[in-house]
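The values are calculated or read from the model by the stated rules, or taken from the named source; none is laboratory data. Predicted model, so just to flag it, every value in this text is computed and none were measured. As a convention, Cβ positions derive from the backbone with ideal geometry for all residues, glycine included, and neighbour counts pool all protein chains shown. To get the accessible areas, we keep the full protein, side chains included, count just its heavy atoms, and leave off ligands, DNA and RNA. Shrake-Rupley method; radii C 1.70, N 1.55, O 1.52, S 1.80 Å.
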Amino acid sequence: MNLKLNAIFAILRGLLFRLIYYNNVLNYRHLVGGVKFYRSSRLYVKKGSKIEIGKRVSIYQGVSIYMESASSHLSIGSNTFINRRSEIVCMNDIHIGNNCEISWDVKIMDTDYHYINNKSNTKAIYIGDNVWIGMSSLILKGVHVGNGAVIGAGSVVTRDVPPYAVVAGNPARVVKEDISWNLHKLDNHL
C-alpha cells in the first residue's frame, strides 16, 4: 500500500510541475506543507530546474521567481516569507535558510546575465537561517549572508555578510555586530 501511495504522490507532483512549466505561471493559494503562493505571484521554470520549499513558507502578492536554466537550483527553508513584489533570479544556485524575512521589493540574483572574456558571471548565493532582509535591498551573485544577519532597507549587498551583523548602504557595510532579533517577537506586534 505504501508503494501505491508513493506512486500516486509522484504522479501528482509530476502533474503539478508540468502545469507550472507549461503555463509558466503559478497562481495557487496553498501547496503541500503549508506553502502559500498568493495571487499574482509568478514562477517561471526552465525544464530540469529544481525547487525545494520547506514547510510554512509564504510567498506574497506579486513575487516573481525565475528559474533561468535547466541546472537552476533554488531552496527556501521552512517558516520563511517573501514579501510583495520581490524577485528571485536563479541561473545556478540560491539557498535561503529557515525563519527568514524578506521584505518588499527585494531582488536576489545569482547572475549578471552576461559574459566577460567568455566567462559566465554566475555565482551561488547562500542566505543563512534567521536572516532579515529590508525592503528594496539587492543581493548580488556570490554573496553569503550569515545566520541571524540583518540587511538594512535599500542596501546593495556585493560581498559576504558576517553572522549576527547589521549591514546597510550601497555597497552594504557592517554597521553593527553581535545583534539578535526574533521573528516571533515581531509577529506579536503585527
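A few notes on this one:
- Both the radius of gyration and Dmax for region 85-163 are 12.1, 39 Å, in that order, over alpha-carbon atoms.
- For region 71-124, a Kirkwood radius taken over Cα pairs fed into Stokes-Einstein (25 °C, viscosity 0.890 mPa s) yields D = 202 µm²/s.
- Given their separation in residues at 0.36 nm each and the Cα-Cα distance between them, ASP178 and ASN121 gain 17.3 nm when the chain is fully extended.
- Debye intensity ratio in log₁₀ form over the Cα atoms of region 30-147, taken at each q of 0.17 Å⁻¹: -0.78
- The residue list ASN147, SER103, VAL63 was ranked by how far each Cα lies along the charge dipole of region 39-190 toward its positive end, using unit charges on Cβ atoms, and VAL63 comes out on top.
- With all protein chains in place and a 1.4 Å probe, the accessible surface of region 56-190 carries 50 percent carbon and sulfur.
- For region 75-83, the Karplus equation 6.51 cos²θ - 1.76 cosθ + 1.60, evaluated at θ = phi - 60°, returns couplings of 10, 10, x, 5, 6, 9, 10, 10, 7 Hz by residue, with Gly and Pro reported as x.
- Residue-wise HN-Hα couplings along region 100-114, as the Karplus relation 6.51 cos²θ - 1.76 cosθ + 1.60 with θ = phi - 60° gives them from phi, are 9, 10, 10, 7, 5, 6, 7, 10, 10, 9, 9, 8, 9, 6, 9 Hz; Gly and Pro carry x.
- Take region 37-190 with all the other protein chains still there, run a 1.4 Å probe, and you get 50 Å² of accessible area per residue.
- Between SER71 and SER40, the distance separating the two model label sites (each 7 Å from Cα on the Cα→Cβ line) works out to 3.6 nm.
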